[in-house]
Amino acid sequence: MSFINYSSREINCKIVYYGPGLCGKTTNLQHIYSKTNPDLKGKMISLATETERTLFFDFLPLALGQIRGFKIRFHLYTVPGQVFYDASRKLILKGVDGVVFVADSQVERMEANVESLENLRVNLAEQGYDLDQVTCVMQYNKRDLPNAAPLDEMQRLLNPGGRTEFEASASTGQGVFETLKAAARDVLRDLKQMGR
Amino acid sequence: MDNSPLVMYDEDFRKVLAVAQRLVKDANAKGVFVVDHNGQLIAETGEMQGIDTTSLASLTAGSVAATGGLAKLVGEDEFPVHFHQGQQNNLHISLIAGRIILVVVFDDRSSLGLVRLRVKKLGGLLGKVFEEIRKKADRSQATGRAVTPFAEITDEDIDNLFSV
C-alpha cells in the first residue's frame, strides 16, 4: 500500500523480496546498498541471528528520483526464508506494492522454491491480495553455480504464467539492479492505473 | 483489509502535525512521530533532530506488527499500547484507529502517567483526523474522482526514472 504525501511531495512504495531460505534475498539488498549513491539511500537494517540468518526482516530505503515534482521512494524489505518463520513473513507482506521472488537455481532447492512460491500465494491471500494480480518479478538467482537447474525447467515450475524474469547472481551483482528496476517500474505503472 | 493507498493532502498533514505538536507540549515529550502501520513516516515533531526517522518508522511498524501477532496467539485482538523503558529515553507506542502508530519519546522531564494521559486524549483526536482522511478517500473513490499524482504521470515519465 503506497503512501502519497502531497505535503512533502513524496510517493512511498514497498517492495518485498520473498523466497526460500538462503536463496539470496539479503544478498540482493546488500548489493543494492553497496552500489547505491549514499545520497539516495538510507541506513540498511538487518534483524538477523548471530549466524546472519534473517530473523525478522532486512530493510533498505531507496530514493529513485523525481517524477513531476514528486520524490519517488521505495522501501525494500526481505522476509526470513526459513520455513518456521511463517508468522513473520505474513507481517512483512502487509501493505506490499510489489514482490520480487528470488528463486535458488540449485537443483536440490527446487522443491523449496515451489513450496516458498505456494507459501507466498497463501500469505498474500491472507492479506487480501491475489498473487496473480500483484506485481511480482521472478529472479532466478545463483545461475553461476555448477549445479544450477536448466532455465526452462525453472520457468516451467515457477513461472508458467510468464512474469517478468531475470537470471541473476546476487553475490556478484549480476541481474540485481535489473530485477529491482523492473519491479519498481511495474509498481509505479500499477499505481498509475489505480490513479486513473 | 484496506489495501488502498494512503493519500495525505497538505491540509490533512497540517492537522496531524498540529496534534503531534500539541502532544509534545502537553506531555513534555522529546519527540512525537506519527507512523503508518505499514512503516511509512507521516509526521514528526519535537527536539529529536538528526534521528534516522525512516528506520524508526519501519522498526516501529515491525514491532507493532510482531506484538499484534503475539496478541492474537493469546486470544487478544491487539495490544494497543506498548512501553519501552530505557536508561535515559523511553518509548510510548500506541495504535490509533487500527492503522496509525503514535510514538512518543520522553525522558525524565516527563512521566509515563502524564504521557499515557495525554496520548489517550490527543490520540482520540488524531483518530478523528485519520477517520476524516479515510472518509474523504472513500468519497473520492465512490464518485470516481480519486485524484493522485499518477493521473498525470505518463509511462514515459516512469521509464525516464530508470533510464540512467
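Only a single criterion out of (1) in contact (Cβ under 8 Å) with a residue 40 or more places away in the chain; (2) more than 14 Å from chain B (Cβ to nearest Cβ); (3) surrounded by fewer than 20 Cβ atoms within 10 Å (Cβ to Cβ); (4) under 30 Å from B:F150 (Cα atoms) is not satisfied by A:N147, namely (4). Would you call A:A125 at pLDDT 95 or above, surrounded by fewer than 19 Cβ atoms within 10 Å (Cβ to Cβ) and within 14 Å of chain B (Cβ to nearest Cβ)? For A:A125, the condition - at pLDDT 95 or above, surrounded by fewer than 19 Cβ atoms within 10 Å (Cβ to Cβ) and within 14 Å of chain B (Cβ to nearest Cβ) - is met. Among the residues of this structure, A:G195 does not count as one that is within 14 Å of chain B (Cβ to nearest Cβ), modelled with pLDDT under 95 and on the phi > 0 side of the Ramachandran plot. Being within 15 Å of the chain's Cα centre (by Cα), within 30 Å of B:S63 (Cβ to Cβ), surrounded by fewer than 22 Cβ atoms within 10 Å (Cβ to Cβ) and modelled with pLDDT of 95 or more is a property that A:L180 lacks.
Residues that are assigned to a helix (DSSP H, G or I), in contact (Cβ under 8 Å) with a residue 40 or more places away in the chain and out of contact with any strand residue (DSSP E or B) (no Cβ under 9 Å at 6 or more places or on another chain) within segment A:158-196 comprise just one, A:F177.
Please verify whether segment B:26-34 includes one or more residues that are closer than 20 Å to A:P61 by Cα, more than 14 Å from chain A (Cβ to nearest Cβ), hydrophobic (A, V, I, L, M, F, W, C) and in contact (Cβ under 8 Å) with a residue 12 or more places away in the chain. Within segment B:26-34, one or more residues are closer than 20 Å to A:P61 by Cα, more than 14 Å from chain A (Cβ to nearest Cβ), hydrophobic (A, V, I, L, M, F, W, C) and in contact (Cβ under 8 Å) with a residue 12 or more places away in the chain. The requirement of being more than 13 Å from chain A (Cβ to nearest Cβ), touching a helix residue (DSSP H, G or I) at 6+ places or on another chain (Cβ under 7 Å) and on the phi < 0 side of the Ramachandran plot is satisfied by B:I96. Of everything in segment B:35-52 that is more than 12 Å from the chain's Cα centre (by Cα) and free of Cβ contacts under 8 Å to residues at least 24 places away in the same chain, the residue that is nearest to the other protein chains (Cβ to nearest Cβ) is B:D52.
For the structure I just gave you, tell me whether A:K90 is basic (K, R) and either away from chain B (no Cβ under 14 Å) or in contact with a His (Cβ under 6 Å, 6 or more places away or on another chain) (or both). Spelling it out, it is not the case that A:K90 is basic (K, R) and either away from chain B (no Cβ under 14 Å) or in contact with a His (Cβ under 6 Å, 6 or more places away or on another chain) (or both).
Within segment A:1-47, the set of residues being of a type in the set (G, A, S), at pLDDT 95 or above and touching a strand residue (DSSP E or B) at 6+ places or on another chain (Cβ under 8 Å) comprises A:G19, A:G24.
Is it true that some residue in segment A:65-83 is away from every other protein chain (no Cβ under 14 Å), modelled with pLDDT under 95 and more than 29 Å from A:T36 (Cβ to Cβ)? Scanning segment A:65-83 turns up at least one residue that is away from every other protein chain (no Cβ under 14 Å), modelled with pLDDT under 95 and more than 29 Å from A:T36 (Cβ to Cβ).
Can you pull out the residues in segment A:75-88 that are buried (at least 22 other Cβ atoms within 10 Å of the Cβ) and in contact with a Gly (Cβ under 9 Å, 6 or more places away or on another chain)? Within segment A:75-88, A:H75, A:Y77, A:T78, A:V79, A:P80, A:G81 meet the criteria.
For (1) among the polar types (S, T, N, Q); (2) modelled with pLDDT under 95, each residue gets a yes or a no:
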{"position": "B:D107", "(1), (2)": "no, no"}
{"position": "B:S110", "(1), (2)": "yes, no"}
{"position": "B:L114", "(1), (2)": "no, no"}
{"position": "B:V119", "(1), (2)": "no, no"}
{"position": "B:L126", "(1), (2)": "no, no"}
{"position": "B:K135", "(1), (2)": "no, yes"}
{"position": "B:R139", "(1), (2)": "no, yes"}
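The values are calculated or read from the model by the stated rules, or taken from the named source; none is laboratory data. A quick note: this is a predicted structure, and the numbers were derived from the prediction, not measured. Cβ sites come from the backbone with ideal geometry, for glycine too, and all protein chains shown count toward neighbours.
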